[in-house]
Structure formats: C-alpha cells, structure tokens
Amino acid sequence: MRVSGRIVVILILLSTVIPAVLLPTANSQSYSTVTSTSTATTVISNTQTNSYAIGTSTSSSTYQNSIYSGSFRLTVTPGSAGGSTCGEYEYVPFQATAGEQIEVTVNSTLEVDFYIVTAHDFNASGLNAGKGGGCTVAFYEMTIPSVKSKAFNFTAQTTGKYYFIVELLSYTNVSTNVALDAYSISTETYPFTIFSSTTYVAVATLTETLTSAYTQQVASAAEGTNNDLLIGILVAVVVVAVAAAYLMSQKKKSTKADQKQTVTPITKTTEPTQPKPPPQPSEIKPESKSSKYCRKCGATIPRDSVFCEECGTKLT
C-alpha cells in the first residue's frame, strides 16, 4: 500500500502540474509588430514654350489707284502745204509724286506714238496751243514709238503735273481708236520681327513612401497554444484514468491478501501427541470448488486459505 500510494500521489501531482504549466501558455497572447509600407508614384508633366527673335523682315502690300481710264479717236487729215502734217494727238494730264510708279496700258487699231512729258515741257512745246500744232518736244520723260498694244511702267522723277500724249502720224486720211488705262502703283512696306519658339516638356516623377507599424496578435500562435492545452488535458485525463485503474487493481489484490492473512494457525494446549500420519491416497477426498484439503494432515480448509487451519502448514 505504501508503494501504490506514492505512485498515486505522483500521478496526481503530474496531472495537476501539466495543465498548470500549459494553462499560462494557453492564456498568454502572442503579439508581433507588423510594418506596412506603401509607395505612391505621381508623374507630373509641365510644358513650357519659349519664343525669341531670330531676325527681322518686311512685308509689302501693293495698291492700284486709277489715274485715267478712257478711249478716244484720232483722225489725220493731210494739210494743203505739200500734203504733210505732224499728225493728230491727244493728251491727258495727271499728278505724280517722286518715286511713284505708274502702270500704263495702250491699245490702238493703228500704230501710234506714246509720250510722257512734264507740265513745263508740255507748255514750252506749244502743244497746249491746240491739237494739230507743232509736234516737236524738247524733252520727253518717256517715248514709246509705234505702239498698238502694250503695257509699261513709268516712275516719276519729281513731284508735279505730267501729261500722257498719244500721237497718230500719217500722210493720208486715217483714223484709229485708242484705249488708255493708267494706274498708280503704291507699295506699303511693314517691317516685322521673326520669332522662333521652342517647346519644352518636363516630366517629373514624385515617389512618396508611407511606412506604418502596428502590433497585432498572431492567430497561428494562439491556435498552437490551444492545441497544447488540449493535449495537456488529455494527458492528465489518461494519467488519472491509469492511476484509478491501478488503484482498483491494487485494492483487489490487497483485499485478497488481507482475507488470507486473517486466518492464523490455532495452537493447541494439549499435550503433544504423535503426528498424525499423512492420509493415504485412498483416504484423500476430492476437492470441491469452495474447499480443499491439506496435503499434510488431510484437513478440509477453504480454497482461498494460505495456511492449514489444523496443522498450520503453508499451502502452495
């Protein structure tokens, strides 16, 4: 009983200590620090245009102003003096400034002579006295002989009054129709600056990194701890069950042993006699289920007895 009691005490202590050791572990929580990092990238595009002068130039505009546009008829009648004449002419006055360009177009059915003279030379020649007068002019600004259809340009040298003169020369009776158109050509020049532009596109990439740290309970560790607790409880239950089974088996054995040891040999106070001879085989009765016989003296004793009640012999 002493050995079995010690074992039971040890088993009870183990069943108590194992859950006590595992329980704090199960109740404790496992924490870990988690660091989260996120990166945001932003692309910024900036367009800039720079202009700068690289030179100058001019732009010209041309304008036409009508000076004269008309037609007339020239007829030549030979004179009585030898049948010759200077011819017939027509003049048209106009104003011009120095450097002014004049565009003239003459169309005639017959060839005519075309002149441009200043007002001074026109008056000095006597042409203003009447058509059909003298036909000699000292100075002509422009002379275009034998014209039927022609366009030409005239540039005035001075500012003042000028005359167009169209003359038909012939020694016979002839006539022609003449169309005269004159335009003043004026040009206006505008200076301007030539610019060159350059476009720059700048692309910038901005990267922003955000880091955050926080503590959280690790679920996997808690689950593992719960499993350890369950194992500990199962071990404790098994230990207690084994201890209980062991105690019950020991209790049964001790009960039988106590029952056998309660039978003590009876010592007779009578005088010693000669030992009874062992029974003969024919005298030994067969044993029953509840009793047996001593092999030494032949006494009937209970089957679970350890010693013979008659002679005290230990039975095997």
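The values are calculated or read from the model by the stated rules, or taken from the named source; none is laboratory data. Since this is a predicted model, take the numbers as computed values, not measurements. Here Cβ is always computed from backbone atoms with ideal geometry, including for glycine, and neighbour counts include all displayed protein chains.
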- Scanning region 167-213 for residues that are farther than 28 Å from Gly55 by Cβ and not assigned by TED's automatic domain parsing to the domain that holds Tyr91 gives Ala202, Val203, Ala204, Thr205, Leu206, Thr207, Glu208, Thr209, Leu210, Thr211, Ser212, Ala213
- Return yes or no: is Thr118 polar (S, T, N, Q), at pLDDT 85 or above and surrounded by 14 or more Cβ atoms within 10 Å (Cβ to Cβ)? yes
- Query: Quick one: is Tyr140 at pLDDT 90 or above and out of contact with any Lys or Arg (no Cβ under 9 Å at 6 or more places or on another chain)?
  - Reply: no
- For region 97-115, enumerate the residues that are within 22 Å of Ala156 (Cα to Cα) and either in a strand (DSSP E or B) or in contact with a Lys or Arg (Cβ under 6 Å, 6 or more places away or on another chain) (or both). Gln101, Ile102, Glu103, Val104, Thr105, Val106, Asp113, Phe114, Tyr115
- Task: Please work out which residue is nearest to Val92 (Cα to Cα), limiting yourself to region 60-78 and to residues that are aliphatic (A, V, I, L, M) and modelled with pLDDT of 85 or more.
- Result: Ile67
- Message: When you scan region 18-25, do you find a residue that is polar (S, T, N, Q), at pLDDT below 60, closer than 30 Å to Ile231 by Cα and assigned by TED's automatic domain parsing to the domain that holds Val238, even just one?
- Response: yes
- Task: Could you grab the pairs with beta carbons closer than 7 Å, sequence gap of 6+ or different chains, first residue in region 146-163 and more than 12 Å from Ala98 (Cα to Cα), second one aromatic (Phe, Trp, Tyr)?
- Result: Val147/Phe114; Tyr163/Tyr91; Tyr163/Phe122
- Please indicate, with yes or no, whether at least one residue in region 220-236 is touching a strand residue (DSSP E or B) at 6+ places or on another chain (Cβ under 6 Å) and either assigned to a strand (DSSP E or B) or modelled with pLDDT under 70 (or both). no
